[in-house]
Each structure stands twice: as structure tokens, then as C-alpha cells.
Amino acid sequence: MQRLLTLLFFLSISAVMAQTAVLKGKVVDKTTMEPIAWAVIYTTDSLITAESGLEGHYRMSRLVKDKIDIRVRAFPDYKDTLIDGIDLKRFKKKSFIIRLTPEDIKTVFSSKSDKCPVCLSAQNAVPIIYGEQTFEMIAQQQKQQLIFAGCCHYPSYPLWYCKKCRVKY
Ligand SMILES: [Zn+2]
């Protein structure tokens, strides 16, 4: 019994020492306040990532600092957003609402980063789409105007595909 109590004592001490914070809330559209599903939220050191669910809710746990910087990505519909200096103590019980600004898709796909690293041209580049597919997108894929690459998008994933060189970048 004595031994068990000692063990419990040390376990509770290590639990206190390893205490981490949680940030939770909702990702919404800045203009309509509609929830945004499948947004990727990650700390700027990329150690902790989370994804918003269908109702826009997210939960980041195991946060070790008092203040954190996060990046939020819901490509290609919303602009990448950096939020810095979030005081976790302030949002211990309150939820942290993340508001994203809608992206103009045309500006995303006409950006300079669409140049292929092999042929150095954007002539054969098509965008890589992550997430839900619309009927219009399926028609575009059949015409090879874009390609699909699964449901989830992470910051390191490629955005373009060169049809000539067959590379994703
Ligand atoms: Zn190329």
C-alpha cells in the first residue's frame, strides 16, 4: 500500500509537470460567419496540427507554450492566415474563433509560383485540388485542366502539376 501511494504521488507530480494547454474553437468565413470544414491549423513550428470538422470546430492539444503563433489554411477557398501571439491563458475556457478571408481563386492560380521547376514554364501547369470535388471540377479533370489529390491538404503538399514533365510542385 505504501509503495502504491508513493507511486501515485510521483505520477501526479509528473502529470503536473507535463501539463499542456489546449486551444479550441471554430473556423468561420469572415464575411458570412459560416463554418469552414477541413481547415488545417498548425503552430508555426509545425509541431502541432489540427483540422476543423464539418461544423468548423477544431481542437489543438499538447500545446506547451503560454503564447503561440498559428497558421490556418483552407486552400484554395480562403487566404492563408497567420495569427500570432495567442495568449492561451485567455482562451482556457473561451473558444478562439478563427476568421478566414475568402480567396479569389483566379489570383491563386495565376500566381508566379505556377512555374514548373523542370521546364521553368507554366504552360503545362494545372492546379492540384484537395478536398471536395464539384461536378464542374470533375468535368475540368476530364479535360485535364486540373487534377485531384485526395481530401486533405497540408502546407507541404504540392499545388501544381506539370503535364509535360509529370512533376508535382
Ligand atoms: Zn514542366
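Mind ordering 141-148, 51-58, 69-76 by average Cβ neighbours within 10 Å, highest first?
Working: 141-148: 12.8, 51-58: 16.2, 69-76: 20.0.
For the peptides 141-148, 51-58, 69-76, the packing ranking is 69-76, 51-58, 141-148.
Going by amide H atoms built from the backbone, whose H comes under 5 Å of the H on residue 116, apart from near neighbours?
121, 122
Taking each pair of different alpha-carbon atoms in segment 54-169 once, compute 1/r for the pair, average those values, and report the inverse of that mean as the Kirkwood hydrodynamic radius in Å to one decimal. All intermediate terms of the calculation are to be shown ahead of the outcome.
Numbers: mean 1/r = 0.0605 Å⁻¹.
After inverting the mean inverse Cα-Cα distance, the result is 16.5 Å.
Taking amide H positions as placed in the peptide plane 1.01 Å from N, state which residues far from residue 60 in sequence (5 or more) or on other chains have amide H under 5 Å from it.
Under 5 Å from the amide H of residue 60: 23, 24.
What ³J(HN,Hα) values, in whole Hz, does the Karplus curve 6.51 cos²θ - 1.76 cosθ + 1.60 give for segment 26-38 when θ = phi - 60°, with x put for Gly and Pro?
For segment 26-38, the Karplus-derived couplings read 9, 9, 10, 6, 4, 8, 9, 6, 6, x, 10, 8, 6 Hz, x marking Gly and Pro.
Enter the Cα centre distance for the pair segment 38-93 and segment 112-151, rounded to the nearest angstrom.
27 Å
Output ³J(HN,Hα) for segment 93-100: one whole-Hz value per residue in order, computed from phi by the Karplus curve 6.51 cos²θ - 1.76 cosθ + 1.60 with θ = phi - 60°, and x for Gly and Pro.
For segment 93-100, the Karplus curve yields 10, 8, 8, 9, 8, 9, 9, 10 Hz.
Where Lys and Arg each count +1 and Asp and Glu each count -1, what net charge lies around residue 70 among other residues with Cβ under 15 Å from its Cβ? Each step should come with its number before you reach the end.
Details: positive: 24, 26, 59, 62, 65, 67, 71, 73, 79, 90, 99; negative: 45, 51, 66, 69, 80, 84, 87.
It works out to a net charge of +4.
Can you pick out the pairs among 79/163; 143/164; 24/168; 143/163; 67/94; 30/115 whose Cα atoms lie more than 23 Å from each other? All intermediate terms of the calculation are to be shown ahead of the outcome.
On the way: 79/163 26 Å; 143/164 15 Å; 24/168 34 Å; 143/163 12 Å; 67/94 15 Å; 30/115 31 Å.
Violating the 23 Å limit, Cα to Cα: 79/163; 24/168; 30/115.
Only the coordinates and a few stated rules stand behind these numbers; no lab work does. Values in this document were obtained by computation on a predicted structure and should not be read as measured data. Every residue, glycine as well, gets a Cβ built from its backbone with ideal geometry; the counts of neighbours run over all protein chains shown.
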